[in-house]
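Inspection log for the structure reproduced underneath, given as structure tokens.
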Amino acid sequence: MEPVIGLEVHLALNTKSKMFCACRADTFGLAPNSSTCPVCLGLPGSLPTINRKAVEKALRFSLALHCQVPETTQFHRKNYYYPDAPKNYQISQYDRPLGAGGFLELTSGRRIGITRCHLEEDAGRLVHPAYADYSLVDLNRAGAALIELVTEPDLRTPEEAREFLVRVQAIAQAVEVSDANPEEGKMRADVNISLRRPSEPLGTKVEVKNLNSFKSVQRSLEYEIKRQRRLLEGGGRISQDTLGWDEGGQKTFLLRTKEETADYRYFPEPDLPPLQIDSTWLSQVQKAMPELPEAKRQRYGALGVRDYDASIIAYDVALANFFDAAAAQARNPQAIANWLNGDISGWLNAHNLTISATALTPALLTELVALVDDGTISGKTAKELLPEVMQGAAPSRLVEARGLKQVSDSAEISALVEAVIANNSAIVATIKTNPKAVNALLGQVLRESRGKANPELVRALLNSKLGLG
């Protein structure tokens, strides 16, 4: 049985004001209910107005995903009753979305279809105090501008779903429409998952709601695939339900039976006229489009960066900005990429930091790479200096102050090599049958030189004096 997966992704737009009123949109950390007005509270007589900046950001995002943009789009009322929706409906879009028919390409080359991208307003937030028999409502978030992206059921594995979200996040950040930070609720996902038998076009799907991390998306899908397969193989049936995800228990649980579109009783928003998107406006949005991650990847390839490294950097906005600044000063862009994806990435992960949260600058990294490339220090020495460089220390000053310059004088190193050969006759005797034993001598020469000897020169001299090819 084959998994069939679709995603619904909600992105909070980084506008100053909400979608249909002038209230502050970025309310993270504010006191509850401190950024509200009659419009987002749904008070009688209040009327919405469309946030033009939100529309432009949604247009930019839709174009980045290769969507078709209509000449006329329209807002609808999506009716439902819940404490976080003070109007008892949500202003959203239904059959005339802002963008439709796009795609996003995965690393494998598979294209995942984008059914639609539409604008809507966010709901409020429910707070459930521990051991209390009541809930609290915070309406700060109510009315904030959202993009909802809906995919075709084209994803086949939890890993593909996670990669799709990583790429959506990178695109949203690159084109500057959303911070797309799951930890702050600025990127949320719902997943639809079913299993399909070979004879079936599609199985019965369930939806897992409000997943706020990429890890939760992957793990909830892994759990549901196992649960549904076990149920179907045992002769049971899948019920079309809406599920939640228990992060602590690592399992899904029933929220409610699945609603159908008709349950929401969509109808055109009577307080907002259809929105006309003429060619002039769309052209202005296209001209202002920042460089997309895929274009960055291709540009990095043209600089000589390996595709694997280029893909990692291009789809991380902070790394891409850092790489661009460093590569502009560097002789060897691939070496910059190696450091960013290797030792620097490891250091950042170990300290749970992003590169922008460190004192490392493109100039400092370029300087460190240049010291290695011109033979001033060895790669090993550079790695030992990296923690201090990450904290803002200049590599050249560290090298000068500690006398770490690499020794490349043939006569000086030759004397060291001869001494090590003379003192290790047992190892020398095994080299004819085991040429790799020369590495033991290489290590000893480097230790005798306190790491200053040029390793390539040491190896060349050892090979020459021992008659190795």
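The values are calculated or read from the model by the stated rules, or taken from the named source; none is laboratory data. Quick caveat, the model's predicted, so the values are computed rather than measured. Neighbour counts are summed over all protein chains in view; Cβ atoms, including those assigned to glycine, are modelled from backbone coordinates with ideal geometry.
Below are the figures for this structure:
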| item | result |
| --- | --- |
| Search result, residues across segment 33-67 that are under 24 Å from ILE277 (Cβ atoms) and part of a loop (DSSP other than H, G, I, E, B) | LEU47, PRO48, THR49, ILE50, ASN51, LEU65, HIS66, CYS67 |
| Lone qualifier among GLN334, GLN406 - being at negative phi, modelled with pLDDT of 95 or more and either crowded, with 19+ Cβ neighbours inside 10 Å or outside the structural domain of GLY443 (by TED's automatic domain parsing) (or both) | GLN334 |
| Top-ranked residue of segment 206-258 - restricted to ones that are surrounded by 14 or more Cβ atoms within 10 Å (Cβ to Cβ) and β-branched (Val, Ile, Thr), ranked as farthest from PHE164 (Cα to Cα) | ILE238 |
| Some residue of segment 283-290 being among the hydrophobic types (A, V, I, L, M, F, W, C), loosely packed, with under 12 Cβ neighbours inside 10 Å and in a helix (DSSP H, G or I) | no |
| Residue under evaluation PRO274, criteria (1) of a type outside the set (Phe, Trp, Tyr); (2) more than 29 Å from SER378 (Cβ to Cβ); (3) crowded, with 19+ Cβ neighbours inside 10 Å; (4) modelled with pLDDT of 95 or more, criterion not met | (3) |
| Conditions (1) more than 40 Å from the chain's Cα centre (by Cα); (2) closer than 27 Å to ALA326 by Cα; (3) not aliphatic (A, V, I, L, M): number failed by GLN391 | (1) |
| Any chance ASN181 is without any contact (Cβ under 8 Å) to a residue 12 or more places away in the chain and within 30 Å of THR73 (Cβ to Cβ) | yes |
| Top-ranked residue of segment 218-270 - restricted to ones that are of a type in the set (A, V, I, L, M, F, W, C) and in contact (Cβ under 8 Å) with a residue 60 or more places away in the chain, ranked as farthest from ARG77 (Cα to Cα) | LEU232 |
| Odd one out for PHE103, checked against (1) more than 30 Å from ASP307 (Cα to Cα); (2) outside any loop (DSSP other than H, G, I, E, B); (3) not aliphatic (A, V, I, L, M) | (1) |
| Matching residues in segment 47-96 - criterion: being hydroxyl-bearing (Ser, Thr, Tyr) and either surrounded by fewer than 16 Cβ atoms within 10 Å (Cβ to Cβ) or within 29 Å of PHE164 (Cβ to Cβ) (or both) | THR49, SER62, THR72, THR73, TYR80, TYR81, TYR82, SER92, TYR94 |
| Any hit, segment 128-137, residues being crowded, with 19+ Cβ neighbours inside 10 Å and either not assigned by TED's automatic domain parsing to the domain that holds LEU255 or not aliphatic (A, V, I, L, M) (or both) | no |
| Scan of segment 409-452 for residues that are in a loop (DSSP other than H, G, I, E, B), surrounded by 13 or more Cβ atoms within 10 Å (Cβ to Cβ) and either at pLDDT below 75 or of a type in the set (A, V, I, L, M, F, W, C) (or both), ordered by number | SER449, GLY451, LYS452 |
| Of all residues making up segment 243-275, the number that are basic (Lys, Arg) and assigned to a loop (DSSP other than H, G, I, E, B) | 2 |
| Among the residues listed as LEU155, LEU202, the single one being of a type in the set (A, V, I, L, M, F, W, C), out of contact with any helix residue (DSSP H, G or I) (no Cβ under 9 Å at 6 or more places or on another chain) and in the same structural domain as ALA25 (by TED's automatic domain parsing) | LEU202 |
| Test result for PRO182, out of contact with any Cys (no Cβ under 8 Å at 6 or more places or on another chain) and at pLDDT below 95 | yes |
| Subset of segment 282-322 (residues that are under 30 Å from GLU71 (Cβ atoms), in contact (Cβ under 8 Å) with a residue 24 or more places away in the chain and more than 15 Å from the chain's Cα centre (by Cα)) | LEU282, VAL285, GLN286, ALA288, MET289, PRO290, GLU291 |
| Some residue of segment 68-85 being farther than 27 Å from CYS21 by Cβ and either in a helix (DSSP H, G or I) or at pLDDT 95 or above (or both) | yes |
| Residue in segment 124-135 that is touching a residue at least 40 places away in the same chain (Cβ under 8 Å) and part of a loop (DSSP other than H, G, I, E, B) present | yes |
| Residues satisfying the stated conditions in segment 191-224, i.e. closer than 19 Å to ASP154 by Cβ and part of a helix (DSSP H, G or I) | PHE214, VAL217, GLN218, SER220, LEU221, GLU222, GLU224 |
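Residues are listed down the side, and each one gets a yes or a no for (1) more than 20 Å from the chain's Cα centre (by Cα); (2) closer than 30 Å to GLN68 by Cβ; (3) at pLDDT 95 or above:
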| position | (1), (2), (3) |
| --- | --- |
| GLY113 | no, yes, yes |
| HIS118 | yes, yes, yes |
| HIS128 | yes, no, no |
| ALA132 | yes, no, no |
| THR151 | no, yes, yes |
| LEU155 | no, yes, yes |
| GLU160 | no, yes, yes |
| VAL168 | no, yes, yes |
| ILE171 | no, yes, yes |
